[in-house]
Each structure stands twice: as C-alpha cells, then as structure tokens.
Amino acid sequence: QKEVEQDPGPLSVPEGAIVSLNCTYSNSAFQYFMWYRQYSRKGPELLMYTYSSGNKEDGRFTAQVDKSSKYISLFIRDSQPSDSATYLCARTSYGKLTFGQGTILTVHP
Amino acid sequence: GAGVSQSPSNKVTEKGKDVELRCDPISGHTALYWYRQSLGQGLEFLIYFQGNSAPDKSGLPSDRFSAERTGGSVSTLTIQRTQQEDSAVYLCASSLAGDRAHSGNTIYFGEGSWLTVV
C-alpha cells in the first residue's frame, strides 16, 4: 500500500463549479499535510499546509483533514480556468515529503 | 537567487552515457531534496540532504544514482550508464530546515531538469 493514495482523475469541471480533491494516507506518524499545485512543465508550488484535523481556508481554497479516517481533501470554490493544473497532496514527516500521484484538473470556460 | 535553480533544463542523452544534474538551492536553505517525476506519475523521493550530509538516501533506485552536496549549497545528482527508464523530470527542492515541515519551513521546488534517454 502506498503511503499516500490519490485518484489521478482526470477531472473536468465547468467554470464556477466546486471542486473536491481527495487523498488517503496510511502512516499515522507525526506529520503535516500539504497541497501543491503544478502547472504544465513547472515545478510544484505550495498551496496550503495543515497539521490538525479540521478545515483551513485560504481564499477560494479549503484544506480539510480527518485524522480518524486518514483522509485529506482540498476544495476549490468558484473554480476558474486558471485553476487547471495537477494537484498533489503530500504528507511530511521528519523532513521527507511523500506525494500522492496527483489529480489532473481542467476547468473549462 | 530568488528561487531554486536547476540545470540543465532539458537534456537528451544516449543510453549508456552518464549525466549530471545540478541544483542551486535558495540561499540559506540547509535542507535540499531530489525527486523524480515520470510521465503521469507523482513525485518519487530520491534523497534528502541536511547540510552536506544525506540522512535519507532511501529513494535512490539503484547504484547508478548518486548525489552529493558541497559547501552546504549546490548539489549534483549523477546518473551513470543511463537507461531509457531513467527518462523523467528530476526536481530539486530546498527548505530552511529539514527536521520537520512547519509554517516557517516551506519546501520550494525548482522547475526541474527534463531528462530524455534515447
């Protein structure tokens, strides 16, 4: 079993839709959870990070962690064509960042 | 520089040749990471440096892969006797400190070195 599992999609939604991206993880060791966004032929950039269970909001983005079920989610409200990218969930424990496979998202006008 | 710098940005090499990929981290960042991303795949961890030492090199796929870091700054990833399955994007990242990720320890990625072995 991979440490972080993520549905690769692809996911295609109309502009303005609410997008839900999800990951599960298997290791309960001390860790932070992160979401990265990667545009084509670019390096990943950090969107959000969180440690505790619950929700964390930043503009149109909400990261959610449920440690009891080992489930992490990213919600994008009012999605825009510029949100089209690959979204990678990750967990970090003592310096090592482990990524999910990434979900390819396309937001069409 | 302002960000993590990697070179070359693109490299095409013949099977069996050796390649060197360079990473220049953000100034002052003590932690440096190498990842590999194959087409349609997530990021695969290769090696992590804290200063010049590598406490975790568990991700190096074979003994053809090696990495070093000198002066606590620039790192070089070397692939010997390249194979076609080595074709991938090799991403370097750095952070202020590698013992844990927290609000002041964001991990920043470079644009990657795109390696094609023909």
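We did not get these values from a lab; they are worked out from the coordinates using the rules stated. In this text the structure is predicted, and so the values were computed from the model without any measurement. FYI the Cβ positions are ideal-geometry reconstructions off the backbone, even for glycines, and counts take in every protein chain you see.
What the table shows:
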item	result
Distance in nm between pseudo-label sites at A:D66 and A:Y39 (7 Å out along the Cβ direction from Cα)	3.4
Percent of Cα-Cα distances greater than 22 Å, calculated over segment A:1-95	25
Shielding by other protein chains, B:53-66, mean Cβ within 10 Å	1
Convex hull of chain B built on C-alpha atoms - directionally averaged projected area, nm²	7.0
Cut-off 12 Å between beta-carbons: net charge of the residues surrounding A:T24, Lys and Arg +1, Asp and Glu -1	0
Cβ neighbours within 10 Å from other chains - mean over A:35-45	4
Packing rank of B:66-79, A:34-47, B:5-18, where each peptide gets the mean count of other beta carbons within 10 Å, highest leading	A:34-47, B:66-79, B:5-18
Electrostatic dipole magnitude of the protein assembly as shown [Cβ: Lys, Arg +1; Asp, Glu -1; Cα centre; debye, to 20]	200
Whole-Å semi-axes of the ellipsoid equivalent to segment B:23-89 (Cα gyration tensor, √5λ, descending)	21, 13, 11
Pairwise FRET efficiency - A:D58 versus B:E68, Cβ, R0 = 30 Å, nearest 0.05	0.20
FRET efficiency, 1/(1 + (r/R0)^6) with R0 25 Å, evaluated for B:S38 and B:S7 via beta carbons	0.75
Quotient of Cα Rg and 2.2 N^0.38 Å for the protein assembly as shown, N being how many residues it contains	1.01
Charged-residue dipole, Cβ positions (Lys, Arg, Asp, Glu), segment B:1-86 about Cα centre, Debye nearest 20	80
